[in-house]
Amino acid sequence: MKVATEDVNVTFEDQQKINKFACNTSRITELQGEIEVVKKKQLQNLEDTCNDILQMGDKCLMILNQVNSFSQKETQGMLEGVKKYLQGENGALVDSIQWVSAAVKVQLYPIFGSNINLEADES
């Protein structure tokens, strides 16, 4: 079975949009990898700090009271809050690039229909 494809005129503007989409898709992949590495490192540092606070117990409380007026429990709460923030953060830059890519898709699919595939590979 042979599928007929229609001839579609690709304008310079359309080609620019396709190129922009491809660059955005590539950049999203790069950023997601970079964010994942940074987040893992930050979360590991935070975990280590939380563990250190728990292990030091009263010694840590005395040091913290000398440096600031937070109790051990308050400090642990703040560290846990930062940890939750890091775990929940999606990366605003990635989100904004994905938004631009979605806008480009909306412009290109009506022009090219099934002659163009702008969906990400899940491989």
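The values are calculated or read from the model by the stated rules, or taken from the named source; none is laboratory data. Just so you know, these numbers come straight off a predicted model, no measurement behind them. Every residue, glycine as well, gets a Cβ built from its backbone with ideal geometry; the counts of neighbours run over all protein chains shown.
Tabulated values for the structure
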| quantity | calculated |
| --- | --- |
| Hits in the range 10-50 - residues which are under 12 Å from the mean Cα position of the chain (by Cα) and closer than 28 Å to K105 by Cβ | R27, I28, T29, E30, L31, Q32, G33, E34, I35, E36, K39 |
| I28 being surrounded by 15 or more Cβ atoms within 10 Å (Cβ to Cβ), modelled with pLDDT of 75 or more and more than 30 Å from T11 (Cβ to Cβ) | no |
| Pairs with Cβ under 6 Å, 6+ apart, first in the range 78-93 and at pLDDT 70 or above and of a type in the set (D, E, K, R), second in a helix (DSSP H, G or I) and surrounded by 15 or more Cβ atoms within 10 Å (Cβ to Cβ) | K83/L46 |
